[in-house]
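Below you'll find the structure, written out as structure tokens, and then a few comments.
The values are calculated or read from the model by the stated rules, or taken from the named source; none is laboratory data. It should be emphasised that the depicted structure is a prediction, and the values quoted were computed from it without experimental measurement. All Cβ positions, glycine included, derive from the backbone under ideal geometry; neighbour counts span all protein chains shown. Side chains included, ligands, DNA and RNA excluded: accessible areas come from the protein's heavy atoms. Shrake-Rupley method; radii C 1.70, N 1.55, O 1.52, S 1.80 Å.
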Amino acid sequence: MVFSPGTVAHAVLNATSSALMVVDPQARIFFVNHTAEKLFGISAAKVKGGPLNAALSDPVVAAAIASLVARVSRGEQDFQVDSKLKDAAGNLRHIKWDVLPLAHRDLPDIMALLVGRDVTRQIAAEEALRRSEARLRALVDTAVDAIITIDDHGKIESVNPAAEKMFGYTAAEMLGKGVEMLMPEPYRGEHHAYLSNYLHTGKRRVIGIGREVTGQRRDGSLFPMYLSVGEQTVDGRRYFTGIVRDITNVKRMEVEVLEISEREQQRIGQDLHDGLGQLLTGAAFMTKAMAGRLEKLNPSMALEMQSITQIMNDCIRQSRELARGLQPVSEAADLPTALAQMATQVENLFQGVVCRVQSAALPPEVPVGVATHLYRIAQEAVGNAVRHGQARHIELSLRTLGPAVRLMIRDDGKGIAARDGDGMGLKTMSYRARAIGGHFDIRSTPGHGTMVICSIGWPDTVEKEAR
Ligand SMILES: Nc1ncnc2c1ncn2[C@@H]1O[C@H](COP(=O)(O)OP(=O)(O)OP(=O)(O)O)[C@@H](O)[C@H]1O
Ligand SMILES: [Mg+2]
């Protein structure tokens, strides 16, 4: 079979996905391909020789294209124009037109080639993307949490308004700077090494986990925040998005809850001691006197009365113990005694456990609340040492240095292997330490015991010596 170049060209024109039309300088239709026929629901035979609006549903669009055709045929360059036209089914479609000059020695004038591409789907996709971006933008812009993106060098790429408000910097002051500007020392100095260490080794500390950290505002003030970090790769580069929640109020609430429960316990302890305890003491006194009087009159009843007295005394002892448990320290000066009592109790309760106490008297200005928190920290740490560490030796030390105080509980147990369990103890100890303006630290090496430290105003240098 032999194809003439004209036949091939015709086949190509009809096979293309663009609507093609050739028009003369007056925009009279000269040629229409199959795609255009199908798209606009027209017949080439019917529209040939007719005006553009015989093919295009919108006369305004037809007129606009006709005027561009006139300019092209006068020798101007090609043009582009966007239009909305009805298709064969009557649906509006977005068509992008190229209006191109078409000169040929066989043609009397410079004609125009109209190339129409149906971009309806593409535009709809772009619009959907724009809408979803706008929604995301709105979400980020109105979020209460600060959202900060950094690149793989730790440089701030983007911040939302909440981040500006939370840290007190404007976006312009943060963009392009190292994110460590938002943290206090020692994290500020360590962040870069941490990030590059993560990029090289994949070892995570915050990424994908989330944790409580300390933030630093522009004015230097510090605040507790919950930080969660996600990672994403864009065009082969890694970026990190941090979502930061200011948890100052949550922390304050935690401290208050702790104080309320402490106060409530103290009240119950006092009521138990002063109310029930006194009544029982009175009753025991009476039964004892009664037993004395019965001794001669009715010896067997006297014996029964003595056993009642015994029971009454047990009740008194138990209510005292309960009261002491609820209110272990009634004055700050009592703390060394209370700690010593706790140690004795532990040794009595757990055979083979040695619990030694070394304690100094607290400075006189220390409030009883502080002493109670210190006692509860020691109680929890000792409890953990026995229960989880199976420790044989526990050492309690309470040291003071001027107004500074340092409580340490060291055990020789098996140590904390991983931060397992959903216990409240470690968290509560740390809240208690914060509640009294102290610093909480827990050091543990598996197999080598655990050391819990709570220090208030303890100088760093002395702290280091103690390690
Ligand atoms: N001194 C210790 N020796 C060994 N493991 C410890 C010690 N202290 C804590 N742990 C480990 O840490 C976990 C958490 O301790 P935490 O005091 O928070 O919770 P808990 O004691 O399990 O429960 P709770 O204190 O609420 O009764 C423990 O379950 C234990 O595995
Ligand atoms: Mg515990």
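At q = 0.11, 0.15 Å⁻¹, what base-10 log of I(q)/I(0) does the Debye formula yield for the range 332-466 when every alpha carbon is treated as an equal point scatterer in vacuo? Listed by q, the Debye log ratios stand at -0.36, -0.68. Each residue, ASP141 and LEU349, gets one label point 7 Å from its Cα in the Cβ direction; the gap between the two is 5.9 nm.
For the range 160-263, just say rounded, prolate or oblate: build the C-alpha gyration tensor, square-root its eigenvalues into a ≥ b ≥ c, call rounded for a/c under 1.5, and beyond that prolate if a/b exceeds b/c, oblate if not.
Values: a/c = 2.15, a/b = 1.57, b/c = 1.37.
Verdict is prolate for the range 160-263.
How much accessible area per residue does the chain have, counting only protein heavy atoms and a probe of 1.4 Å, in square angstrom? Display every interim value, and only then the final one.
On the way: 27300 Å² over 467 residues.
Spelled out: the 1.4 Å probe surface of the chain, per residue, equals 58 Å².
Our estimate of slack between LEU199 and ARG317, defined as 0.36 nm per intervening residue step minus the Cα-Cα distance, is 36.3 nm.
Pairs of Cα atoms in the range 75-151 fall into 10 Å distance bins, from 0 up to the last occupied one, in shares of 15, 25, 21, 17, 13, 6, 2, 0 percent. With the helix formula -39500 (n - 2.57) applied to DSSP H stretches of n ≥ 4, the chain reaches a computed 222 nm mean residue ellipticity of -14500 deg cm²/dmol.
In this structure, the amide hydrogen of ILE416, modeled 1.01 Å from its nitrogen in the peptide plane, lies closer than 5 angstrom to those of THR445, counting only residues at least 5 positions away or on a different chain.
In degrees from 0 to 90, rounded to the nearest 10, what is the angle of the helix 5-15 Cα long axis to the longest principal axis of the chain? Between helix and principal axis, roughly 40 degrees.
With the simple model of a label 7 Å out from the Cα in the direction of the Cβ, VAL255 to ALA15 spans 7.9 nm.
What is the calculated FRET efficiency for GLN77 to HIS104, with r their C-beta to C-beta distance and R₀ = 22 Å, to the nearest 0.05? Kindly include the intermediate steps, with their values, before the conclusion.
Working: r = 18 Å, r/R0 = 0.82.
Between GLN77 and HIS104 the formula returns 0.75.
When only C-alpha pairs under 8 Å and at least 6 residues apart count, what is the relative contact order of the range 332-466, in percent? Show your work: numbers first, answer last.
Values: 238 pairs, mean separation 30.2, N = 135.
Relative contact order comes out at 22 percent.
Helix 248-271 and the longest principal axis of the C-alpha atoms of the chain enclose an angle of approximately 20°. Applying 0.36 nm per residue to the separation of ASP87 and MET181 and subtracting their alpha-carbon distance, the gain on full extension is 28.0 nm. Taking all protein chains as they are arranged and a probe of 1.4 Å, the heavy atoms of TYR187 leave approximately 110 Å² accessible to solvent.
Would you work out what percent of the accessible area of the chain, with all protein chains in place, is carbon or sulfur (probe 1.4 Å)? Don't skip to the end; give the middle numbers.
Numbers: 15440 of 27300 Å².
Of the solvent-accessible surface of the chain, carbon and sulfur hold 57 percent.
Cross-linked pairs LYS203/LYS251; LYS46/LYS96; LYS48/LYS96; LYS38/LYS86; LYS48/LYS84: Cα-Cα separations exceed 20 Å for LYS203/LYS251; LYS46/LYS96; LYS48/LYS96; LYS48/LYS84.
Report D for the range 27-180 in µm² per second (integer): Stokes-Einstein, Kirkwood Rh on Cα pairs, 25 °C, 0.890 mPa s.
Working: Rh = 19.6 Å.
For these conditions, the coefficient is 125 µm²/s.
Most tightly packed first, judged by the mean number of other beta-carbon atoms within 10 Å of their residues, the peptides 454-460, 366-372 read 366-372, 454-460. For the range 314-354, the set of GluC sites (Glu not before Pro) satisfying both a DSSP loop assignment and a count of at most 16 other C-beta atoms within 10 Å is given as GLU331.
Of interest is the spacing of the C-alpha centroids, which for the range 251-265 and the range 139-215 amounts to 32 Å. Accessible area per residue was computed with a 1.4 Å probe on protein heavy atoms; PHE285 scores about 150 Å².
Under the simplified labelling scheme, the GLU264-THR248 pair shows an inter-label distance of 2.8 nm, with each label point 7 Å from Cα along Cα→Cβ.
List the relative contact order of the range 236-361 as a percent without decimals, with contacts defined as Cα pairs under 8 Å and 6+ residues apart. Could the numbers behind the result be given before it?
Details: 77 pairs, mean separation 28.9, N = 126.
With pairs under 8 Å counted, the relative contact order is 23 percent.
Say the dipole of the chain comes from +1 at the beta carbon of Lys and Arg and -1 at that of Asp and Glu; which of LEU398, GLY210, ALA291 then lies farthest toward its positive end? Most positive-ward Cα: GLY210. About the centre of its Cα atoms, the chain shows a dipole size close to 560 debye [charges on the beta carbon of Lys, Arg (+1) and Asp, Glu (-1) only; nearest 20 debye].
Across VAL250, VAL72, the residue with the most accessible area heads the list, and the full order at a 1.4 Å probe is VAL250, VAL72.
For SER300 and THR7, the difference between the fully extended length at 0.36 nm per residue and the C-alpha to C-alpha distance is 92.1 nm.
Report the percentage of all Cα-Cα pairs in the chain whose separation exceeds 32 Å, rounded to a whole percent. It would help to have the intermediate numbers written out before the result.
Numbers: 71923 of 108811 pairs.
Tail fraction, whole percent: 66.
Computed from the Cα positions only, the extents of the range 1-113 along the three principal axes stand at 42, 34, 22 Å, in decreasing order.
If you count, for each residue, the other Cβ atoms within 10 Å and average over each peptide, how do 81-92, 173-184 line up from highest to lowest?
Working: 81-92: 13.2, 173-184: 17.7.
The most tightly packed comes first, giving 173-184, 81-92.
For the chain, the longest principal axis of the C-alpha atoms and the axis of helix 335-349 are separated by about 90°. With contacts taken as Cα pairs under 8 Å at a separation of at least 6 residues, the chain carries a relative contact order of 7 percent.
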